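Data first, discussion second: the structure below is written as structure tokens.
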Amino acid sequence: MRKQISRILVPTDFSDQSRAAFEYALFLAERMNAPVDLLHVWEAPRYVSPDLMLAVPGWSAVTVEQFSRAQAGKELEAFLAKVDRHGVAVKPVLEVGDPSVAICRAAKAMGADLVVMGTHGRAGLARLFLGSVAEKVVTHSEVPVLTIKLPDGASLSEPAEEK
């Protein structure tokens with residue numbers, strides 16, 4: 001079965017792994033003439049109510065969720081500014097909730113044909129305690145998922161060593 005990829009969803013947590021996935025998605029999107037939705041999911045801290053009000057002298061009081069959404073929007077714009085989009089249409093999207101659930105829901109709702117996401121590749125206790133958003137998305141997504149992992153110790157801010 002062959003299917004044309006006409007829309008790509010890229011979840012981001014603003015890490016180097018997310019940036020590598022975004023750049024790869026742009027590479028694919030440019031060749032397939034497909035738009036990209038860049039999704040950031042804000043998850044409320046478990047110990048703080050999203051309705052908690054923040055008040056700073058000189059500002060109007062806002063909820064933690066309102067403040068966090070505004071900050072996430074700024075981070076999305078900064079994230080986009082660091083990448084050459086090669087003429088690919090990119091739509092930044094903010095969601096609130098559990099990241100893996102929100103990613104799967106967004107992929108279906110937006111009509112994505114492919115999810116391209118970074119993975120930190122944690123193992124052992126770190127994975128047990130932190131969980132793996134990528135693994136949950138791969139397991140539960142109705143849309144194909146391509147995961148991108150940078151080699152251990154690699155960073156997008158410095159060129160990879162030639163071997």
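The values are calculated or read from the model by the stated rules, or taken from the named source; none is laboratory data. Computed from a predicted structure; not experimentally measured. A quick note on method: Cβ atoms are made from the backbone with ideal geometry, for glycine too, and the neighbour counts reach across all protein chains shown. To get the accessible areas, we keep the full protein, side chains included, count just its heavy atoms, and leave off ligands, DNA and RNA. Shrake-Rupley method; radii C 1.70, N 1.55, O 1.52, S 1.80 Å.
Yes/no matrix, rows are residues, columns are (1) within 14 Å of the chain's Cα centre (by Cα); (2) within 21 Å of Ile8 (Cα to Cα); (3) modelled with pLDDT of 90 or more:
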site	(1), (2), (3)
Asp51	no, no, no
Leu54	no, no, no
Val62	no, no, no
Ser68	no, no, no
Gln71	no, no, no
Leu80	yes, yes, no
Ala89	no, yes, yes
Pro92	yes, yes, yes
Pro99	yes, yes, yes
Residues (at pLDDT 85 or above and within 21 Å of Phe27 (Cβ to Cβ)) located in the range 114-140: Leu114, Val115, Val116, Met117, Gly118, Thr119, Ala134, Val137, Val138
The lone exception for Gln17 - which of (1) in a loop (DSSP other than H, G, I, E, B); (2) at pLDDT below 95 it fails: (1)
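Do we find that Asp37 is open to solvent by less than 60 Å² (accessible area, probe 1.4 Å) and modelled with pLDDT of 95 or more in this structure? Can you show your working first?
On the way: open to solvent by less than 60 Å² (accessible area, probe 1.4 Å): yes; modelled with pLDDT of 95 or more: yes.
So Asp37 passes the test.
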Residue list for the range 68-106, restricted to those being surrounded by fewer than 16 Cβ atoms within 10 Å (Cβ to Cβ) and farther than 17 Å from Asp37 by Cβ: Ala70, Gln71, Lys74, Ala78, Ala81, Lys82, Asp84, Asp98
